[in-house]
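In what follows, a structure is listed as structure tokens, so that the remarks can point back to it.
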């Protein structure tokens, strides 16, 4: 009898930590779930913004298309938009007759033209020039310093970039992952004069703290912007990226997009919500992320 009792006690004792662990795990999962319910951002109406500066930091020429409705509204109201592309976009073609050098030139013009459609002048668009698809192999410190420089130089009131994730790293395709990471790290570094001090010593660029972030491509969006009135402009802009979307990616024949590809772009961009309006969505964070 005693051996049986000992065995039972042993089993119960062995199960106790498992039970505690299970309950702890359940509590942890609940905590993560609760945290993942991203709180609503401050409902500031971007239609009321006047005289502000915003910056987009992305990987490729065309990454900003998802924000062009918002940018069109901001520019219409007298705000300034800067676009920073970390790569030249010189690899993304399936046309076997295309070269990297030619593609980089095409994509540059394909980006300048649509941004001009919504009012962003060429002088406000920067092509840093790294090879497409290779950002993850560039030293991160080098990338962070470049982003930090742009932020200190132009001192934006808000930064638009890919979503790095909140409680976990959000998956993006190559280049987008690194662009998300270094955009945020560059913004953090910009706030402290001891990071890259030569910016201040040699160029007089002072520390600058960003407190408004709009993360595009987010699975945790908490903020939407009604772009119904400028959606047609966004559609026209998107159709200028001929080398990237549709038949022009397989065989580039010129700047005019194929009619069927245009129609697909129209269906995608002009898609309405149940309330009959068209929105761009972001995860907005309104606080300093500098440590």
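Just so it is clear, none of the values below were taken in a lab; they were calculated from the coordinates. Quick caveat, the model's predicted, so the values are computed rather than measured. Please note: Cβ atoms are built from the backbone with ideal geometry, for glycine as well, and neighbour counts cover all protein chains shown.
Please specify each residue of region 63-82 satisfying the condition of being outside any helix (DSSP H, G or I) and crowded, with 23+ Cβ neighbours inside 10 Å. The answer is 81, and nothing else.
The single residue among 131, 163, 157 that is surrounded by fewer than 17 Cβ atoms within 10 Å (Cβ to Cβ) and touching a strand residue (DSSP E or B) at 6+ places or on another chain (Cβ under 6 Å) turns out to be 157.
Scanning region 250-268 finds no residues that are part of a loop (DSSP other than H, G, I, E, B), farther than 25 Å from residue 75 by Cβ, touching a residue at least 60 places away in the same chain (Cβ under 8 Å) and within 22 Å of the chain's Cα centre (by Cα). Taking residue 215, is it under 23 Å from the mean Cα position of the chain (by Cα) and touching a residue at least 12 places away in the same chain (Cβ under 8 Å)? So residue 215 passes the test. Confirm whether residue 199 is over 16 Å from the mean Cα position of the chain (by Cα) and assigned to a helix (DSSP H, G or I). Yes. Scanning region 73-107 for residues that are in contact with a strand residue (DSSP E or B) (Cβ under 7 Å, 6 or more places away or on another chain) and closer than 13 Å to residue 132 by Cα yields a total of 4. Within region 102-120, does at least one residue satisfy the condition of being in contact with a helix residue (DSSP H, G or I) (Cβ under 6 Å, 6 or more places away or on another chain), in contact (Cβ under 8 Å) with a residue 12 or more places away in the chain, over 28 Å from residue 283 (Cβ atoms) and crowded, with 16+ Cβ neighbours inside 10 Å? Looking through region 102-120, at least one residue is in contact with a helix residue (DSSP H, G or I) (Cβ under 6 Å, 6 or more places away or on another chain), in contact (Cβ under 8 Å) with a residue 12 or more places away in the chain, over 28 Å from residue 283 (Cβ atoms) and crowded, with 16+ Cβ neighbours inside 10 Å.
Of the numbered criteria (1) over 30 Å from residue 93 (Cα atoms); (2) surrounded by 19 or more Cβ atoms within 10 Å (Cβ to Cβ); (3) out of contact with any helix residue (DSSP H, G or I) (no Cβ under 6 Å at 6 or more places or on another chain), the one residue 282 fails is (1).
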